[in-house]
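Quick notes on the structure that follows.
A short reminder: the numbers here are calculations on the coordinates, not readings from a lab. Note that the structure is predicted; figures quoted are calculated from it, not measured. Neighbour counts are summed over all protein chains in view; Cβ atoms, including those assigned to glycine, are modelled from backbone coordinates with ideal geometry.
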Amino acid sequence: MRCSSAPYTRLVISVTPGISLDENEIELSFIRASGPGGQNVNKVATAVQLRFDIPRSTSLPPWVLERLRMLAGKRVSRDGVLVITAHRFRSQEMNRRDAIERLVALIGEAATPRKTRRPTRPTRASRQRRLESKRRRGDVKRGRGSRPDFT
């Protein structure tokens, strides 16, 4: 929030210890929400639509932006704009906070690097158990095949 007497200060949203997001890169618009709420839902624009332009972002590293685009999926438009719509609550402020928290969570998930898979080999005991269960199953099936001769 800016005061007229105070100099302009840049508001920053902390995502992870090394990554922060400039609040000027987020565009919030308020729309009417559907669902329950009586007359209030017809009069007050309580739902929030958050827009974050991924290609034009300068506060996030390129590798985070690339993973963010992948993780967001259908929520990213052709232009690369991430759109999050929040209408869970009946108040505008709560929906605003919810939308920002969801964006921060998504960026936080994109900022954590994937664990590289280290190939492992099955233990000798697990291989023996597998072969023994296959052998038992084969015996059961073999026992079904022919009928004993009682002559």
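Remarks
- Alpha-carbon radius of gyration plus Dmax, which is the widest Cα pair, for region 48-93 in Å: 12.1, 36
- Region 125-140-region 57-78 distance, computed between alpha-carbon centres (Å): 48
- Per-peptide packing, taken as the mean over residues of other Cβ atoms within 10 Å, places 52-65, 97-110 in the sequence 97-110, 52-65 from highest down.
- Dimensions of region 63-115 from C-alpha coordinates, computed as largest minus smallest value along each principal axis and given longest first, are 38, 26, 12 Å.
- Taking amide hydrogens as placed 1.01 Å from N in the peptide plane, the amide H of V15 sits under 5 Å from those of S20, L21, each at least 5 positions away in sequence or on another chain.
- Simple spin-label estimate for K43 and I31 in nanometres, 7 Å along Cα-Cβ: 2.3
- Share of pairwise Cα separations in region 16-111, more than 21 Å, in percent: 34
- Region 66-151: proportion of alpha-carbon pairs further apart than 19 angstrom, %: 68
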